[in-house]
Amino acid sequence: GIANAIMAHLADKLAVSRFQRDLSDSTVLRNLGVGLGHSVLAYASALKGCGKLTVNNERIDEDLDAAWEVLAEPIQTVMRRHAVENPYEKLKALTRGRSITKEDLQTFVASLEGEVPEEDVKRMLDWTPRSYVGTAEHIARKVAEECK
C-alpha cells in the first residue's frame, strides 16, 4: 500500500537527485521515517490478522490424502539416483494436467522394477502423501537450532 508507494518514490527521487547534484534529497530523506512508519503499521496489522486465523486440520488432511502428485518429486529423485533414463519426462507424462490416484502412482512405481532395486520399489510403494516427509524433519530441527 502506501508504505510501498512512499518507499518506491523515495528510491526513485534519491537516485535522480544524487545524479543531478540536487539539494532536494535532504527533504526526501526527512520523509524516510514516514515510509518506515507505514511499513511498521502494515506489519503489525498483518500479524494481528494472522493471529485471527484458525487451522482447519480436517480440510488439510483431506487435501493431503488426495494429493498423490506430491510423491512425484521423491520418486524422481530415486529414479535419478539409480540412473533411470529420462525420469522427469516419465513422471511428467504421468502427472501433467491431470489428477493422480494412489493406483496410478503405484502402477508407475511397480513398472520401475528392474530399473530400480527391489527394496527401493517396495519403499516407494509404502509412501503416502501423509507419511512421506523426506528431509523436512531434519531441516526443521536444523533451522530451530540456528534460531536459538
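Does the range 5-12 include one or more residues that are open to solvent by 70 Å² or more (accessible area, probe 1.4 Å) and more than 19 Å from residue 121 (Cα to Cα)? Yes, the range 5-12 contains at least one residue that is open to solvent by 70 Å² or more (accessible area, probe 1.4 Å) and more than 19 Å from residue 121 (Cα to Cα). Return yes when residue 66 is among the aliphatic types (A, V, I, L, M), open to solvent by 40 Å² or more (accessible area, probe 1.4 Å) and more than 22 Å from the chain's Cα centre (by Cα) and no when it is not. Considered against the rule, which asks whether it is among the aliphatic types (A, V, I, L, M), open to solvent by 40 Å² or more (accessible area, probe 1.4 Å) and more than 22 Å from the chain's Cα centre (by Cα), residue 66 comes out as no. Of all residues in the range 97-125, those satisfying the criterion of being surrounded by 11 or more Cβ atoms within 10 Å (Cβ to Cβ) and under 19 Å from residue 64 (Cα atoms) are 100, 101, 102, 104, 105, 106, 124, 125.
Residues of the range 126-148 that are within 23 Å of residue 62 (Cβ to Cβ), at pLDDT 90 or above and open to solvent by 60 Å² or more (accessible area, probe 1.4 Å): 126 alone. Could you please let me know if residue 28 is in contact (Cβ under 8 Å) with a residue 40 or more places away in the chain and either open to solvent by 70 Å² or more (accessible area, probe 1.4 Å) or among the β-branched types (Val, Ile, Thr) (or both)? No; evaluated as a whole, the condition is false for this residue. The sole residue among 42, 72 that is under 30 Å from residue 1 (Cβ atoms) and either of a type outside the set (S, T, N, Q) or at pLDDT 95 or above (or both) is 42. Taking residue 61 as the residue in question, decide whether it is more than 20 Å from the chain's Cα centre (by Cα) and not basic (Lys, Arg). No, not satisfied.
Figure legend. Inter-residue proximity from the range 115-141: first residues free of Cβ contacts under 8 Å to residues at least 60 places away in the same chain, second residues open to solvent by 40 Å² or more (accessible area, probe 1.4 Å), beta-carbon distance below 6 Å, spacing 6+ or different chains. Indicated pairs: 116/82; 121/113; 125/106.
Take the residues of the range 37-63 that are outside any helix (DSSP H, G or I) and aliphatic (A, V, I, L, M): which is least open to solvent (accessible area, probe 1.4 Å)?
Within the range 37-63, the subset outside any helix (DSSP H, G or I) is 52-56.
Now restrict to residues that are aliphatic (A, V, I, L, M): 53, 55.
Numbers: 53: 126, 55: 103 Å².
The qualifying residue least open to solvent (accessible area, probe 1.4 Å) is 55.
Of all residues in the range 69-96, count the ones that are open to solvent by 40 Å² or more (accessible area, probe 1.4 Å), part of a helix (DSSP H, G or I) and either within 18 Å of residue 126 (Cβ to Cβ) or of a type outside the set (Ser, Thr, Tyr) (or both). Of the residues in that region, 10 qualify. Residues that are in a helix (DSSP H, G or I) and under 24 Å from the mean Cα position of the chain (by Cα) do occur in the range 114-131, at least one of them.
The values are calculated or read from the model by the stated rules, or taken from the named source; none is laboratory data. Because the structure is predicted, anything quoted here is derived from the model rather than measured. All Cβ positions, glycine included, derive from the backbone under ideal geometry; neighbour counts span all protein chains shown. Ligands, DNA and RNA are stripped out before the accessible areas are found, and what is left, the full protein with its side chains, is counted by its heavy atoms. Shrake-Rupley method; radii C 1.70, N 1.55, O 1.52, S 1.80 Å.
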